Amino acid sequence: MMVAQQFHEIEKRVLDACARSGRRPEDVTLIAVSKTKPVELLWQAYEAGARDFGENKVQEILEKEPRLPGDIRWHMIGHLQTNKVRQIVGRTCLIHSVDSVKLALEIQKESAKKDLITDVLLEVNVAEEESKFGFRLEETEEALRQISRLSNVRVCGLMTIAPFVSNAEENRQVFRKLNKFYVDMKSKNIDNVNMNVLSMGMTGDFEVAVEEGATMVRVGTGIFGARWKMGD
Ligand SMILES: *Cc1c(COP(=O)(O)O)cnc(C)c1O
């Protein structure tokens, strides 16, 4: 029950952020980040209306997916190792975490084998934090152009994990910077690129992210409660 209430509360806060910033609610998707959480809690979110779930481990998607309804859209949001690509291709609606051309090439290879086109986002380390994966902003256009040549990979937009801050306002410039770059890349109309997704904002800062143009927000703790292990 808690999960349902919290999910509705977050949905409402997304709507309020849309209203404040003149965004259309249908342009923002709330992803329920269910990593480390048991299937029972995902069911509660599902029954409250959640259809987009985010996980950061391939194994966890593979375990949970068969135990939940088939209309769920699974988002891979965590760092993806090339040796796990084979298992995940065809199992997700979107891979948010493409952080190297090498990884994109592997996704291309496995997608071609399965005769699929895999939708991905490029992860951008906007704040250039040492501890984070992702392209630096200055190298993202070149990577985008290279990856756009892969016929079984379709870049649908950009993702960032903003720094951990105590006041969400501190991340406004990070979100604004990525949105500016996103709009710029969109205007270039690169072949085989469909710049329509801007994935940014988590429990601590999703409202600011919506105000700054996010089309997907990834909320875990705010819906499912705290996770136990550090780094989860
Ligand atoms: C865990 C995680 C989230 C959700 O974080 P919360 O602060 O619990 O909302 C969002 N995005 C990514 C990539 C994550 O790994």
| Which pairs have Cβ atoms under 7 Å, sit 6 or more apart or on different chains, and link a residue in the stretch 22-49 that is farther than 19 Å from residue 94 by Cα and β-branched (Val, Ile, Thr) to one that is more than 16 Å from the ligand (Cβ to nearest atom) and part of a loop (DSSP other than H, G, I, E, B)? | 39/68
| Counting just the residues of the stretch 94-114 that are of a type in the set (D, E, K, R) and out of contact with any His (no Cβ under 9 Å at 6 or more places or on another chain), which one comes out farthest from the ligand (Cβ to nearest atom)? | 113
| request: Scan the stretch 197-232 for residues that are crowded, with 17+ Cβ neighbours inside 10 Å, within 11 Å of the ligand (Cβ to nearest atom) and at positive phi and jot them down. | output: 201
| Among residues of the stretch 197-220, those that are of a type outside the set (A, V, I, L, M, F, W, C) and outside any loop (DSSP other than H, G, I, E, B), counted | 4
| field | Answer residue from the stretch 201-227, given it is of a type in the set (A, V, I, L, M, F, W, C) and over 14 Å from the mean Cα position of the chain (by Cα) and is nearest to residue 31 (Cα to Cα) among those | value | 223
| said: I'm trying to understand the selection: among the residues of the stretch 12-28, which are crowded, with 19+ Cβ neighbours inside 10 Å and within 17 Å of the chain's Cα centre (by Cα)? | reply: 14, 28
| Residue among 91, 145 that alone is touching a residue at least 12 places away in the same chain (Cβ under 8 Å), surrounded by fewer than 20 Cβ atoms within 10 Å (Cβ to Cβ) and out of contact with any Phe, Trp or Tyr (no Cβ under 9 Å at 6 or more places or on another chain) | 145
| Which ones in the stretch 61-75 are under 23 Å from residue 8 (Cα atoms), surrounded by 17 or more Cβ atoms within 10 Å (Cβ to Cβ) and either small (Gly, Ala, Ser) or within 16 Å of the ligand (Cβ to nearest atom) (or both)? | 64, 74, 75
| request: Could you list, in sequence order, all residues of the stretch 97-127 that are in contact with a Lys or Arg (Cβ under 8 Å, 6 or more places away or on another chain) and either at pLDDT below 95 or within 21 Å of residue 178 (Cβ to Cβ) (or both)? | output: 119, 120, 124, 125, 126
| Check on residue 58, under 19 Å from residue 216 (Cβ atoms), modelled with pLDDT of 95 or more and either surrounded by fewer than 17 Cβ atoms within 10 Å (Cβ to Cβ) or not acidic (Asp, Glu) (or both) | no
| task | Scan the stretch 152-196 for residues that are in a helix (DSSP H, G or I), within 16 Å of the ligand (Cβ to nearest atom) and among the small types (Gly, Ala, Ser) and jot them down. | result | 168
| message | Just to be sure before I move on: is residue 155 in contact (Cβ under 8 Å) with a residue 12 or more places away in the chain, farther than 19 Å from residue 209 by Cα and under 13 Å from the mean Cα position of the chain (by Cα) in the structure I sent? | response | yes
| task | Answer yes if at least one residue in the stretch 69-78 is out of contact with any helix residue (DSSP H, G or I) (no Cβ under 8 Å at 6 or more places or on another chain), without any contact (Cβ under 8 Å) to a residue 24 or more places away in the chain and part of a strand (DSSP E or B), and no otherwise. | result | yes
| request: Answer yes or no as to whether residue 3 is surrounded by fewer than 21 Cβ atoms within 10 Å (Cβ to Cβ), in contact (Cβ under 8 Å) with a residue 12 or more places away in the chain and among the hydrophobic types (A, V, I, L, M, F, W, C). | output: no
| task | Taking residue 131 as meeting all but one of (1) within 15 Å of the ligand (Cβ to nearest atom); (2) surrounded by fewer than 16 Cβ atoms within 10 Å (Cβ to Cβ); (3) at pLDDT 95 or above; (4) not β-branched (Val, Ile, Thr), write down the number of the exception. | result | (3)
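The values are calculated or read from the model by the stated rules, or taken from the named source; none is laboratory data. In this text the structure is predicted, and so the values were computed from the model without any measurement. No Cβ is skipped: glycine too gets one built from the backbone with ideal geometry, and neighbour counts run over all protein chains shown.
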